[in-house]
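Heads up: the structure comes next, in structure tokens.
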Amino acid sequence: MNTRIFKISPTTPKEKDITDAADILKSGGLVAFPTETVYGLGGDATDPDAAKKIYSAKGRPSDNPLIIHIATPEDAERYAYTTEIYYKLAKAFMPGPLTVILKKRNTVPETVTGGLDTVAVRCPAHPIAHELIARAGVAIAAPSANLSGSPSPTCGEHVISDMNGRIDAIIDGGECDIGLESTIVKPDGNSLILLRPGAITADALSCVCEKVVISEAVTEALKENERPLSPGMKYKHYAPSVPLTLLDGEDAKVLEFLKNSQKTEKCAILCYAEELSALLPERLIDIGKKDDLNTQASRLFAALRNTEALECDIIYAHLPKTQGIGLALYNRLIRAAAHTVKHIN
Ligand code: AMP
Ligand code: MG
């Protein structure tokens, strides 16, 4: 398949390119597009065949449901049964990096929801995503635009490398601001279950809903045969081809460990900016300053992709603290590391 590439500036998008991309979606085709979290691989959310094409382009199991993307929070009415808490969340966080699980209407085919009677709804803030969805005139089902097994794409080049030749079009709109996938919540009575942490933190959610329960699958490994509330959690997430070990301990001791490891092993290191000068430059990836969790979040997936090109036997990264957006970093890293943590004393 010949994939059309639209290079679009988020600040001055060309009308014609967005209209062309929206027309592809309307006629049942697939278009990858930037959002503020990661790039999405979009298809018409009301078209069962579009969903099948998405699963096949990604090589993703079809019982892993897709998030549907809407242009305004009110558009959820067409696809789901909304609730009071949905509109409270929408008022506080939409458009933005929050996905809410709601009871689905029949307008959404079961191929999109992996057979579930609920649907995940998100209203992205990115100007290109917003325009594209609004012009398509329908909700857009979109998982992350990577091949199943790769990290989510955070810039146009990642999408082109995974999806060129597999889908109808790719909108390259530069780098994503946040770089980690949306926060997913499921309202349950008067509490909110946090299924996937993201840039909308548990603390921020608790300003809208007093009781926020963090699903065990966010930090813990699933037990055998356990069925998570969010089906995606049961899949092994991106794991680098070389094993990743997370280091837990006092900063000075971890740095000492890293220095020694560079002498004895062929290791790649995702290090803090402050550590660069103390370490040998080979196979070193700067993940951002220690306290700058937003930068670390925006660089993580590109850093993991970059390790694939490095010749090494092991990858080390710091075990993130779980405060704020740190919980989202922790969740992505602990899964990439298959829960391998080394405690440094
Ligand atoms: P991705 O599309 O790669 O961002 O992944 C979407 C995530 O949303 C997966 O982990 C899914 O399991 C989760 N998800 C989508 N729809 C639902 C739903 N109806 N209920 C629970 N989780 C969902
Ligand atoms: Mg994904």
Exercise. If you scan region 119-141, which residues turn out to be β-branched (V, I, T) and over 20 Å from the mean Cα position of the chain (by Cα)?
Worked result: V138
Seminar exercise, completed: Expected single match for over 29 Å from E210 (Cα atoms), surrounded by fewer than 21 Cβ atoms within 10 Å (Cβ to Cβ) and of a type in the set (G, A, S) among S152, S144, S161 is S161
Seminar exercise, completed: The condition from (1) of a type outside the set (A, V, I, L, M, F, W, C); (2) within 13 Å of ligand 2 (Cβ to nearest atom); (3) more than 18 Å from the chain's Cα centre (by Cα) that T154 misses is numbered (3)
Problem set entry | Pick from region 182-193, criterion of a type outside the set (G, A, S) and surrounded by fewer than 23 Cβ atoms within 10 Å (Cβ to Cβ), ranking: nearest to G40 (Cα to Cα) | K186
Exercise. In region 231-345, which helices (runs of 4 or more DSSP H) lie fully inside it and hold 2 or more residues that are under 21 Å from P151 (Cα atoms)?
Worked result: 293-307, 326-336
Seminar exercise, completed: In region 181-216, anything small (G, A, S) and within 16 Å of ligand 2 (Cβ to nearest atom) is listed as S182, G198, A199
Seminar exercise, completed: Residue pairs qualifying under the 7 Å Cβ cut-off, at least six apart or on distinct chains, with the first in region 43-61 being assigned to a loop (DSSP other than H, G, I, E, B) and the second being of a type in the set (S, T, N, Q) and more than 12 Å from ligand 1 (Cβ to nearest atom), are T46/T107
Exercise. List the pairs whose first member sits in region 327-341 and is within 17 Å of I269 (Cα to Cα), whose second member is among the acidic types (D, E), and whose Cβ atoms are under 6 Å apart, counting only residues at least 6 apart or on separate chains?
Worked result: V341/D248
Seminar exercise, completed: Selection from region 246-283 of residues in contact with a helix residue (DSSP H, G or I) (Cβ under 8 Å, 6 or more places away or on another chain) and under 10 Å from Y316 (Cα atoms) yields L246, L247, L258, C267, A268, I269, L270, C271
For this session: Look at region 191-230 and say how many of its residues are within 15 Å of ligand 1 (Cβ to nearest atom) and part of a helix (DSSP H, G or I).
Result: 3
For this session: Please specify each residue of region 62-76 satisfying the condition of being of a type in the set (D, E, K, R) and either over 19 Å from A125 (Cα atoms) or part of a loop (DSSP other than H, G, I, E, B) (or both).
Result: D63
For this session: Please tell me if R166 is basic (K, R), out of contact with any helix residue (DSSP H, G or I) (no Cβ under 6 Å at 6 or more places or on another chain) and either more than 20 Å from K186 (Cβ to Cβ) or in contact (Cβ under 8 Å) with a residue 12 or more places away in the chain (or both).
Result: no
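Any read-out appearing in this document is the output of simple, stated calculations on the displayed coordinates, not a laboratory observation. As the structure is a prediction and not an experimental result, all values here were calculated from the model. Because the Cβ atoms are built from the backbone with ideal geometry, glycine has one as well, and the counts that use them run over all protein chains shown.
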